[in-house]
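What follows is one structure encoded as structure tokens, with my remarks underneath.
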Amino acid sequence: MTTSNLLVYLIALPLISSALLLILGRKADKWGHLLATLVSGSAFVIGVLEFFAMRSRSGDARPATQHIFTWMSVGSFQVDASLLLDQLSIAFVLLITGVGTLIHIYSIAYMSHDRDRRRFFAYLNLFIAAMLLLVLGDSYLNLYVGWEGVGLASYLLIGFWNQKPAYATAAKKAFVANRVGDVGLSLAIMIAFAQFGTVSFAGVKEHAHHASPAALTAIGAMLLLAAAGKSAQFPLQSWLGDAMAGPTPVSALIHAATMVTAGVYLITRSNFIFDASATAQLLVVIVGAITLLFGAIVGTAKDDIKKALAASTMSQIGYMILATGLGPIGYAFAIMHLITHGFFKAGMFLGAGSVMHGMDDEVNMRRFGGLARFMPITTVTFGLGYLAIIGVPPFAGFYSKDKIIETAFNAGGLKGILLGGAALLGAAITAFYMTRVVVLTFAGSKRWDDKAHPHESPALMWIPMAILAVGSVTSGFLLASGNAMVNWLQPIVDPHHHEHGEEFLKPIVVSTMAIVVVVLGVLAAIVKYRTVPVEAPTEVSVFTKAARKDLYQDSFNEAVLMRPGQKLTSGLLFTDKSIVDGAVKAVGFSLQTIAGWIRNLQNGFIRTYALVMLIGLLALIATVWVVTL
Amino acid sequence: MDISNYLYLSAILFTIGAVGVVVRRNAIVVFMCVELMLNATNLAFVTFSRIHGNLDGQVASFFTMVVAACEVVIGLAIIVTIYRSRRSASIDDASLLKR
Amino acid sequence: MITLALESGATATPEAVLFWFLAPLAVLSALGMLLVKKAVHSALLLAWVMVTLAIFYIAQDALFLGIVQVVVYTGAVMMLFLFILMLVGVDSSDSLVETIKGQRATAITAAVGVGGLLISLISRAVQAKPAVGLKDLEIVGNVQSIATELFTKYVWAFEVVSALLITAALGAMVLAHSQKPIARNLQRDKSIARFRGASLATAAGLPSSGVYSRHNAVDVPALLPDGTPAPSSISATLNARGNMIDSKLFELELKEEEEN
């Protein structure tokens, strides 16, 4: 364990910049975006320096800490505002600041016509600061601060164009759904405090060995709820699709690459809890498997390019969650997929943004078509991302996703076959819907109005896309070669060198199966979408209808949660008004009536007051008379 | 005759004065009724002095007179002031306490 | 000095005669105060009650108080009352119609209750209690005895009461002194304002309107030495109404006459 003085600047720089931009207001309009980008880039430089510093150390000396101040000290309970940069955190720091900086650069051009660009960059920096705090905090409480901070930034950015009521509603929906998850996190922290008397990662890890299984399962379940809220996992996934109301760079950074993966981070960080509770792990894999299929199915039916990508994000995070539930070996693959996904999904979102930029903010893919000729660079970067996500070798997704499928099969027995089958089916559907996106957007004949003039985006936009595309191509190989990622994270997630069980299937078999289903998925999509009607067909199967409606999750939420809640509220309101207020008003009314009588005495005539005095005198004398009897 | 008759007289005069304060509207008459009440108590003091055989009652009566004199001076000045602004010596007209 | 007190509670016959003669008169006068319409009659009746009481004081060995009662009350205080009555209007008579509902009935009931209870209490208190009387103290004289009491036992109260008197006198002066809220604009003030003003042009007063033999000239401005009309010489109101007549009109006629 070493100490580092630089860690605090990772958070402080974007935070100060954000505050500065918000406080200075319009005065900072001219240079606000440049400052924000510079700060984000500086954070990335610090991250890289720390990464190399960490690499130069070895063994237990690798993690670095920085104590900032003592946050609270109550009796034996002490929480420090301390930062912890270990092998897991640095991966996130590099992803957040790296992708974040690219998206900052992209946004300079993308938001150049928006008069509130400065505010946008202030929120982006706020997000960077909060996200870094989330991954750098050394206790659950510090993590919680960052957790809420990214929630806030996400809310502000989804509702960035809140002049449109639908967008404001989307922001609110995201906020409420996240709040449900946040309750889970706060409950988990409270249980941890009640059980162990500490909320720091190290402390909980130390106590987790000899804690009761029930407590560990409870903490695990609550952490899973938190992860489901933040990472849009079943059953709290409904907000992610609507969150696409935000500007596209936001969707790329927050709702694809970084914030939504916070749930994966949380579970990986809490590996000591999940490893100790088989029940919690089972819940995690169930949630992951359901979501990966759920997202994939929804993705096949979306005509909105961003919503299709959002469904894909949901599905891919489902893969990661599934992997985290598979035990020590899964964590590394989850993080690996997280990083590769960060590259290719952010790249594809930026590509989608580039398409929208060229098509007057049109998002309906049925009105695209044949854009490859007009946007060659976007097509290439998007295409590389596409190859990466469906898992074509040697692109990034192949390495990370195949590992997850393989690990799922290796879980053993019926569970392994079910999970592996789900993951494999998910891969096939992923291939199908991603092919659909590419075909609808870039291939085929043009289906847009003559009013639209598709054109390639400026360099400020395509350079970040190109860099991310390079990442989509190479990151998988780099992370997987020589088990680099597994070895790197091994001190964090698998300190005891678990021997992994018998391989259910050989890796080569899994890869072959995966490639076969991917090819089938791609072919099915190409065949199905040779011709595309501009208007979405209405005569479709029940399944398509269901998928278009997000598998009725919104309707379910509305019928089961929202309406009874509204009923309860109006019932309570009625009770409050008629009974509680009624009692209060009755008291007030009777007092008022009595006061009305007494008021007649106060007629302003001195003679009446004198008469009252006389009566008082009478009473006084009468009392004396009675007493002296 | 019993000395207590003076006390009965005092009580009757006091009561009449009290009724006058409550019933009459002219501020000056009201004031005179107050004086009547004070005089009635003075009579009682003087009688007490005689009953107890010391001069404390008479001294108290003396002080009552002095204070009453002060009160008359101030009270009449107030009546003049009110009359000057309202052109009326009726205490019912000065019912500003109502509002 | 009239010393009528006896050792026991009873009094001598002359005092009884005096009491039974004067007391009903006093009560009747007091009642009359309430019933007469004119305030000045009330004042006269009150003066009679006070004189009666003064006689009773003297009858009860309180010579000093009796004299003071006559001088201060019947003399000064009642004088003051009449004075104020004259200020307010001596011949105005009050309406005795009650305006506040239930005031009179309640007042009389309460008063009867108070009076009855007081009498009942007094009768209970004085039962079988012999009166001491002031005989022993009368040796040195009533005034001397009271003076001794006042300047020894009650000297502090005496001083405080003197302060009260002075305060009351000052208070009455302050209250009675009428101060105008706005200073009156007298001719003297106007004159000063004219001469202290910025311009001395109008200090000596505005010029009078022009006088022409052929016209009642209040609506014709005077001519200044250079022959131009001076609008300030006629009323601003006429000017505003448009009733000002041009003095040139008459000038022209004069010229015509000259030519003729």
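The values are calculated or read from the model by the stated rules, or taken from the named source; none is laboratory data. Since the model is a prediction, treat every value here as computed from it, not as a measurement. A quick note on method: Cβ atoms are made from the backbone with ideal geometry, for glycine too, and the neighbour counts reach across all protein chains shown. When the accessible area is computed, the model is the full protein with side chains, heavy atoms only, and any ligands, DNA or RNA have been set aside. Shrake-Rupley method; radii C 1.70, N 1.55, O 1.52, S 1.80 Å.
Some observations on this one:
- Length gained on full extension, A:THR169 to A:LEU282, computed as 0.36 nm times the residue gap minus the Cα-Cα distance: 37.2 nm.
- Here the protein assembly as shown exposes an accessible surface that is 69 percent carbon and sulfur, computed with a 1.4 Å probe and the other protein chains kept in place.
- Here r is the Cβ-Cβ distance between A:LYS545 and A:VAL180 and R0 is 35 Å; the resulting FRET efficiency, rounded to 0.05, is 0.80.
- Cross-link table A:LYS302/A:LYS415; A:LYS173/A:LYS549; A:LYS230/A:LYS577, entries beyond 26 Å C-alpha to C-alpha: A:LYS302/A:LYS415; A:LYS230/A:LYS577
- C-alpha center-to-center spacing [segment A:285-320, segment C:181-202] in angstrom: 94
- Dipole magnitude for chain C: computed about the Cα centre from +1 point charges on Lys and Arg Cβ and -1 point charges on Asp and Glu Cβ, it is near 840 debye.
- The phi torsions of segment A:622-627, fed into the Karplus equation with coefficients 6.51, -1.76 and 1.60 and a -60° offset, translate into couplings of 4, 4, 4, 4, 5, 5 Hz, rounded to whole numbers, with Gly and Pro shown as x.
- Overall, chain B carries a charge dipole of about 580 debye about its Cα centre when +1 sits on the Cβ of Lys and Arg and -1 on the Cβ of Asp and Glu, all other atoms neutral.
- Residues considered: C:LEU206, C:LEU164, C:LEU117. Largest GNM mean-square fluctuation over chain C, using C-alpha springs under 10 Å, is found at C:LEU206.
- Positive-pole candidate from C:LEU34, C:TYR154, A:SER354, dipole of the protein assembly as shown, charges at beta carbon: A:SER354
- Trypsin sites (Lys or Arg not before Pro) within segment A:100-177, DSSP loop, no more than 15 other Cβ atoms inside 10 Å: A:ARG115
- Between segment C:18-62 and segment A:426-440, the alpha-carbon centres lie 120 Å apart.
- Solvent exposure, largest accessible area first (probe 1.4 Å, DNA, RNA and ligands not counted), of A:HIS357, A:HIS341: A:HIS357, A:HIS341
- Computed from the Cβ-Cβ distance with R0 of 35 Å, the FRET efficiency linking A:HIS113 to A:GLU535 stands at 0.70.
- From phi via Karplus (6.51, -1.76, 1.60), per-residue ³J(HN,Hα) for segment C:218-233 in Hz, x at Gly/Pro: 5, 9, 10, x, 6, 9, 7, x, 7, x, 8, x, 10, x, 5, 7
- Heavy-atom accessible area buried between chains C and B is around 6800 Å² (1.4 Å probe, both sides summed).
- Interface residues in segment B:28-49 - accessible area drops by 40 Å² or more relative to the isolated chain, probe 1.4 Å: B:ILE28, B:MET32, B:GLU35, B:LEU36, B:ASN39, B:LEU43, B:VAL46
- Considering only C:ASN142, C:ASN239, C:ASN185, the mean-square fluctuation computed in a Gaussian network model of chain C, springs between alpha carbons under 10 angstrom, is largest for C:ASN239.
- The protein assembly as shown - accessible surface per residue (Å², probe 1.4 Å): 46
- For C:LYS153, a cut-off of 29 angstrom between C-alpha atoms picks up these lysines, skipping any fewer than 8 places away in its own chain: C:LYS129, C:LYS135.
- Reachable lysines from C:LYS190, criterion Cα separation under 27 angstrom, eight or more residues apart if same chain: C:LYS180
- Cα-projected label distance for A:THR575 with A:ARG563, points at 7 Å along beta-carbon direction, nm: 2.2
- A/B buried area, accessible surface, summed, 1.4 Å probe, Å²: 1000
- A probe of 1.4 angstrom, applied to the heavy atoms of all protein chains, finds A:ASP449 with accessible area near 90 square angstrom.
- A simple spin-label model places the labels of B:THR64 and A:LEU22 7.9 nm from each other, with each point 7 Å out along Cα-to-Cβ.
- Between A:VAL45 and A:ASP554, the distance separating the two model label sites (each 7 Å from Cα on the Cα→Cβ line) works out to 4.6 nm.
- A Förster radius of 30 Å combined with the Cβ-Cβ distance from A:ARG57 to A:ILE417 puts the calculated FRET efficiency at roughly 0.10.
- Threshold 10 Å², segment A:596-610 residues less accessible with all protein chains present than alone (1.4 Å probe): A:GLN602, A:ASN603, A:GLY604, A:PHE605, A:ILE606, A:ARG607, A:THR608, A:TYR609, A:ALA610
- Using a cut-off of 26 Å between Cα atoms, the listed pairs A:LYS345/A:LYS451; A:LYS164/A:LYS306; A:LYS307/A:LYS545 include A:LYS345/A:LYS451 as exceeding that distance.
- Rounded to the nearest 20 debye, the dipole size of the protein assembly as shown about its Cα centre is 1660 debye, using +1 on the Cβ of Lys and Arg and -1 on the Cβ of Asp and Glu.
- For A:THR279, solvent-accessible area (1.4 Å; no DNA, RNA or ligand), Å²: 80
- Taking all protein chains together, A:LYS451, A:LYS446 sort by accessible area into A:LYS451, A:LYS446, largest first [probe 1.4 Å].
- Positive-end ranking of A:ILE23, A:SER76, A:SER42 along the dipole of segment A:1-99, with charges on Cβ about the Cα centre, is headed by A:ILE23.
- Placed amide H near A:THR65: partners under 5 Å, 5+ positions off or other chain: A:THR2, A:THR3, A:SER4, A:LEU85
- The phi-based Karplus calculation (6.51 cos²θ - 1.76 cosθ + 1.60; θ = phi - 60°) puts the 3J(HN,Hα) values of segment A:144-152 at 4, 4, x, 4, 5, x, 5, x, 5 Hz, whole numbers, x for Gly and Pro.
- Stretch gain in nm, segment C:ILE67-C:VAL27, where the contour uses 0.36 nm per residue and the Cα spacing is subtracted: 12.3 nm
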